[in-house]
1. Restricting to the range 348-374, name every residue that is free of Cβ contacts under 8 Å to residues at least 12 places away in the same chain and either more than 22 Å from SER414 (Cβ to Cβ) or not in a loop (DSSP other than H, G, I, E, B) (or both).
2. If you scan the range 386-445, which residues turn out to be of a type in the set (Ser, Thr, Tyr), in contact with a helix residue (DSSP H, G or I) (Cβ under 7 Å, 6 or more places away or on another chain) and part of a helix (DSSP H, G or I)?
3. Being in contact with a helix residue (DSSP H, G or I) (Cβ under 6 Å, 6 or more places away or on another chain) and assigned by TED's automatic domain parsing to the domain that holds LEU462 narrows it down to one of ASP539, ASP520, ASP525, ASP567, so name that one.
4. Of the numbered conditions (1) at negative phi; (2) out of contact with any Ser or Thr (no Cβ under 6 Å at 6 or more places or on another chain); (3) in contact (Cβ under 8 Å) with a residue 12 or more places away in the chain, GLY620 fails exactly one; give the number of that condition.
5. Within the range 296-322, work out how many residues are touching a Ser or Thr at 6+ places or on another chain (Cβ under 6 Å) and surrounded by 13 or more Cβ atoms within 10 Å (Cβ to Cβ).
6. Does ASP449 meet the test of being of a type outside the set (A, V, I, L, M) and closer than 18 Å to LEU410 by Cβ?
7. Say whether the condition of being over 30 Å from ILE264 (Cβ atoms), among the polar types (S, T, N, Q) and not in a helix (DSSP H, G or I) is met by at least one residue in the range 95-109.
8. So, in the range 566-601, how many residues would count as being under 18 Å from TYR480 (Cα atoms) and assigned to a helix (DSSP H, G or I)?
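The values are calculated or read from the model by the stated rules, or taken from the named source; none is laboratory data. Here the structure is a predicted model, which means the values were calculated and not measured. Heads up, the Cβs are rebuilt from the backbone with ideal geometry, glycines too, and the neighbour counts pull from every protein chain shown.
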Amino acid sequence: MTRYTHNFRRPGDTDAPARKPITRRAMIIAGLALLLFSILLLRLWSLQVVTGDEYVAEANDNRTLETRVRAPRGEVLDRDGEVMVGNRSRMAIQLDPTRVPDDPGERRQLFESLAPVVDRPADWIARRYRSEVRDNPPGTFATLVEDSDDETVFYLQENGNRFPQVHVSQEFVRRYPLDTTAAHLLGNVGEADAEDLETRDDLIAGDTLGRAGIEETYDSDLRGEAGTTRLQVDSLGRIKGRLASTSPEPGNSIRLTIDADLQIAGESALRSIGLPGAFVALDTRNGEILGLGSNPTVDPAIFTRPLSEAEAKRLWDEDQGAPMFNRSIAGAYPVGSVYKPITAVAALDAGLIRPDDVIQDNGKITISGQTFTNAGSEPHGPVDLERAMEVSSDVYFYLLGQKMNGTDQLQEWSSQFGIGEPTGIDLTGESSGLLPTPAWRNALYETGDTDRPWAVGDNVQLSIGQGDLQANPLQMAVAYAALGNGGTILKPNLVLQTEDVAGRVLREVEPEAARKIVLDPTHRDQIMDGLNKAAQAPDGTSYQVFGGFPVEVAGKTGTAERPPYGDQSWYVALAPYPDPTIAVAVTVEQGGFGADTAAPVALEILSSYFDETARPVSGGSGNVE
């Protein structure tokens, strides 16, 4: 018998489990949460509605104004510690573009209210503001007045609430106690441009950096570290208090190798001639530059303010003498007879002539159908090496150039002396010049850039520093220094050491030699003897200049043809003979004979160096070049 079991459900019964009753603990937690939320809402309402205006006012009274305080650049000193470039403080009046009204009417009102304060018309302020905003990176303060007087500055500071858009900034600008002295080697400072700001992380808008010369080469030493000033101001720009700030760290000073007295003597002598020219004075023992100048020059103080386009253009205008062009290191000139010692070394080394070999100088010589002459076609009769140097016999050296043609002997020795390559001086803009070679000219001929290949006449011209040769005073000073010191090609330098603001030495610059060339001591001495006679023997080409100088000098005149211009005047000297400590190279564009124009400049430089004065002389053969 089957039994059935039935499950009976009351109405409303389901399969879900029975609900648990809400506990007392849960009710307490929910109540606390509701209470806290109510308190938060009440506090927010109180802050925003009841006391909101009070806190806004407090916030307006606690704004922070942070400005960058640029460091003064380090000084540039001469070798004896005399300041050649220093600093002075100036106050600049600027407008903050972020606070200048966008509305044209309000902006015009601002400019009109500023006009009597800065003593400029409102239209002038408007134009200046537009040009500053247009030419400078976004957010940069627009400078209205670079160097304001104290009265204007005090007025603006006392009335900051009337002019919240105005910012008065203290700046350090370069000061030049020696005026234009050494302007080319010292260089100048300029404001960072858009390219600088894009490529360098250590600069911001308004920063300055070296643009040329020592200022550029040693900018990282001179520039220093900027500081920050933080002020508490109210909404009207009124200062409420000073916050924690960081002081700027001044840049380090640079002590140069330059002798300021010698530099002034050289520049004064060049300037008195009234023609473009340049000079270099070099220590033959270590490569220290004692003086380096170019004429015409510039007033470096002009770079402490923005230059107009016309002013900047005039600095490079050839009709004005291109004042910014540094002829001492960037000039490219034929050098004339000052090249003859290099030719002599090359010929003696090759055994093509002996110092006592005599040739007959009749004033001219014909080589491959071309006639070459002495200056004025003057004959010098029988001459050996020393005599050829003394009277500057071109015919003697023409023959040497002819004998060395096809051997590259003259080019190889010229290259060893540094001709056709930069010296490595610590300045930008140096020219390598040009050392003409058969390969160089033949390559030009093959490409149609010249009308003929190399010929013997090219080597003949090179032997006396003519033809396609191009060099500058620094290269010739380095070459003569090597002759004077026995064969060391020096790397010229302009810096002795860097110093901190207290004068403590941070780094000394060690002299460098580019290389050593092998000079036969006997050959060197015989060439030096000839150069000494050229300067101080009665038949010497510069006897009238150096014959009465109490210090023994070995020197050479040069008069180089430079079509379509007049003759280039040259003089290079070594002193004291026979073991010189100084080499001086001078050139004057269109100066004529070297003895007439360049040699007197060299005399002034040597007079300053040795603190000696030349006495007048009479007599002499009248040989000049």
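1. Matches in the range 348-374: THR366, GLY369, THR371.
2. TYR396, TYR398, SER414, listed by residue number.
3. Step by step, each of ASP539, ASP520, ASP525, ASP567 is checked, and only ASP539 is in contact with a helix residue (DSSP H, G or I) (Cβ under 6 Å, 6 or more places away or on another chain) and assigned by TED's automatic domain parsing to the domain that holds LEU462.
4. All conditions pass for GLY620, except number (1).
5. First pass over the range 296-322, keeping only residues touching a Ser or Thr at 6+ places or on another chain (Cβ under 6 Å): 297, 299.
Remaining after also requiring surrounded by 13 or more Cβ atoms within 10 Å (Cβ to Cβ): 297.
So the count comes out to 1.
6. no
7. The answer is yes; a qualifying residue exists.
8. 3
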